[in-house]
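To start, the structure under review is shown below, and the notes come after it.
The values are calculated or read from the model by the stated rules, or taken from the named source; none is laboratory data. Worth saying up front: this structure is predicted, and the values here are computed from it rather than measured. All Cβ positions, glycine included, derive from the backbone under ideal geometry; neighbour counts span all protein chains shown. Surface accessibility is based on the protein's heavy atoms, side chains included, excluding ligands, DNA and RNA. Shrake-Rupley method; radii C 1.70, N 1.55, O 1.52, S 1.80 Å.
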Amino acid sequence: MAILSLSEVDEIAARHPQVFAGSLRKRLAGWAIGLGVAAYLAFAWWFFAIGAVFANGNWDIAGAYLADWVTYEVRPTIGIEENHLEISFPRFDPVGERGNPGWLTRETAMVERVVAAPAGNAASSSAGGSAGSFLGTVGGKPAPTGSSAAAAPSPATGGAAIRQEETVRATVEIGTRSLIDVVPGVVIVTRGSETLVADIIQGQSVTARGPLPDWAEQKAPGAKIIVRFGFPGRAEIEDDEIKIRHRFWGWANFVFDTNSPFWGRPADEVFSLIVSGERIDPKRSNPALAWDNILNNSEWQHLDVWTKLLQTIVMAFVGTVFASLLAFPLAFAAARNITRSRIANQVAKRLFDFLRSVDMLIWALFFTRAFGPGPLAGISAIFFTDTGTFGKLYSETLENIDDKQREGIRSVGAAPSLVQRYGVVPQVLPVFLSQSLYFWESNTRSATIIGAVGAGGIGLKLWEAMRTNSDWENVAYMVLLILIVVFVFDNISNALRRRLMGGDPAQGPQG
């Protein structure tokens, strides 16, 4: 076939313009459709106030939320007493309750305090008594380090004045150019070239010296001051304490938690202990101890997460298999060309409609109420929903088979069961298996969703982590595991389907 050149096409178009021009209606139809779509988009933008939605979106909160997936926070609290500081960490803080991170430095000195005496026996008060009110430092300054903790009776309080070592100054490094310097009564915050000085009257007020910088906020005079450092964190300066939230990249304590004897050690030291070190626990070897510490990590709960993930996989597999096994014979009853009874056809098809008309999530809620939370509810939900779906797909496949193969088997006098076995099943079995494999892979994702309503598996654990609103790194961990499982199962399912349908397993899916 000869191929016309561009000049020849132009020459023909010039000789026969009516052929190439097209009708006026067709030319205007394209413009009308384009203008209609543009008008509809403009109306939707106005009606749903999409611009205002984007403008009023809490993008700062969204950014912090996304950062929580791949970061963690250390939250020390610096309590301000009359002449010393009390530094504490939350129970489940990444650095532990007795944390001592390098970015928080403490300056200690001997200070004088009063310990209350037991009721009715003030003279017997000693350093071992219960803590009472605090006095000022000796001579208005911290006593020198190394002074003895001598006790002397205090007639005014009925207790004893003691001297002991306490933290009198704390410095917190937030990022590269930001500092929080705390002494009793004064907090100095430095961010870049700007400095904020706040005077604290214990239990009464917080007052800034001079105007607040842009990165600080105080809603009312004397109220707490909130200072922000961007990604590195923030601090709340109150009249009795400073709450600090220092953010870092990564997942803290992912391998060992703070209760593990391996926590905080360099990787080479941990490896050396596991391979050739002396036993830490006399009852078991160091490798066994390390493996147990990893599995039972109190912060990440690896063993429980992996167990729940396995439950999700089993839920999807068992529910899909049982649904396939039940839908297979019922599909023969629903297919008009296989079962000639109209009543049997209608009963089977209406059963399929009922099972698949109720969403899997609703079935999960129903079975959670019936059986209680757990994998059985999830398996039942998948089984019911997929039985209806498989029944419809299988029966439609049976109604579109080639009858010639079945007629050939029947012509040799084979029994009806053999006609179905050799004339029908070979035609539909690859399609049935392909559909079942696809739904098995899809149900792995669905099992996660129904697990969140109490049907067991990792979905329930994922929902529990999300409800705390503080364990988003754990949520990211479980989501990543789910993605890996879905990716693996998707590839396995695709490879098996290509083999069953006669495709080349070495080639990718056909477009």
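Count, please, the residues in region 77-104 that happen to be under 18 Å from Ile237 (Cα atoms) and either touching an Asp or Glu at 6+ places or on another chain (Cβ under 6 Å) or outside any loop (DSSP other than H, G, I, E, B) (or both).
Initially, region 77-104 is screened for residues under 18 Å from Ile237 (Cα atoms), giving 77-90, 104.
Checking the rest, the ones that are also either touching an Asp or Glu at 6+ places or on another chain (Cβ under 6 Å) or outside any loop (DSSP other than H, G, I, E, B) (or both) come to 77-80, 84-89, 104.
Looking only at that region, the number is 11.
Anything in region 255-276 that is under 31 Å from the mean Cα position of the chain (by Cα) and open to solvent by less than 60 Å² (accessible area, probe 1.4 Å)? List them, or say none.
Phe256, Asp257, Thr258, Ser260, Pro261, Phe262, Val270
Hey, can you tell me all the residues within region 296-331 that are outside any loop (DSSP other than H, G, I, E, B) and open to solvent by less than 30 Å² (accessible area, probe 1.4 Å)? Reasoning before the result, please.
Initially, region 296-331 is screened for residues outside any loop (DSSP other than H, G, I, E, B), giving 302-331.
Listed by number, the residues that qualify are His302, Val305, Leu309, Thr312, Met315, Ala316, Gly319, Thr320, Ala323, Ser324, Ala327, Ala331.
State which residue pairs qualify: first residue of a type in the set (S, T, N, Q) and inside region 263-286, second residue open to solvent by less than 60 Å² (accessible area, probe 1.4 Å) in any location, beta carbons under 7 Å apart, and separation of 6 or more residues or different chains.
Asn286/Leu273; Asn286/Ile274; Asn286/Gly277
In region 165-179, how many residues are of a type in the set (Val, Ile, Thr) and part of a loop (DSSP other than H, G, I, E, B)?
Within region 165-179, the first condition is being of a type in the set (Val, Ile, Thr), and the residues that meet it are 167-168, 171-172, 174, 176.
Within this subset, residues satisfying the condition of being part of a loop (DSSP other than H, G, I, E, B) are 174, 176.
Adding up the residues that qualify gives 2.
Of the conditions (1) in contact (Cβ under 8 Å) with a residue 12 or more places away in the chain; (2) open to solvent by 50 Å² or more (accessible area, probe 1.4 Å), Ala370 clears all except one; give me its number.
The failed condition is (1).
Could you grab the pairs with beta carbons closer than 9 Å, sequence gap of 6+ or different chains, first residue in region 415-436 and charged (D, E, K, R), second one surrounded by 16 or more Cβ atoms within 10 Å (Cβ to Cβ)?
From residues that are charged (D, E, K, R), the pairs are Arg421/Ile409; Arg421/Ala414.
Output yes when any residue across region 340-349 is within 41 Å of the chain's Cα centre (by Cα) and either modelled with pLDDT of 90 or more or buried (at least 18 other Cβ atoms within 10 Å of the Cβ) (or both), and no when none is.
Taking region 340-349 as the starting set, the residues that turn out to be within 41 Å of the chain's Cα centre (by Cα) are 349.
Then keep just the ones that are either modelled with pLDDT of 90 or more or buried (at least 18 other Cβ atoms within 10 Å of the Cβ) (or both); that gives 349.
Within region 340-349 (the criterion being within 41 Å of the chain's Cα centre (by Cα) and either modelled with pLDDT of 90 or more or buried (at least 18 other Cβ atoms within 10 Å of the Cβ) (or both)), the answer is yes, since at least one residue qualifies.
Please verify whether Arg497 is in contact with a Ser or Thr (Cβ under 8 Å, 6 or more places away or on another chain), modelled with pLDDT under 85 and either open to solvent by 50 Å² or more (accessible area, probe 1.4 Å) or closer than 20 Å to Phe390 by Cβ (or both), treating the condition exactly as stated. Break it down stepwise before answering.
On the way: in contact with a Ser or Thr (Cβ under 8 Å, 6 or more places away or on another chain): yes; modelled with pLDDT under 85: yes; either open to solvent by 50 Å² or more (accessible area, probe 1.4 Å) or closer than 20 Å to Phe390 by Cβ (or both): yes.
So Arg497 passes the test.
Hey, any hits in region 277-285 for a residue that's within 25 Å of Met478 (Cβ to Cβ) and open to solvent by less than 40 Å² (accessible area, probe 1.4 Å)? Before the answer, list the steps.
So in region 277-285, the residues within 25 Å of Met478 (Cβ to Cβ) come out as none.
Checked against the condition, which is being within 25 Å of Met478 (Cβ to Cβ) and open to solvent by less than 40 Å² (accessible area, probe 1.4 Å), region 277-285 yields no hits at all.
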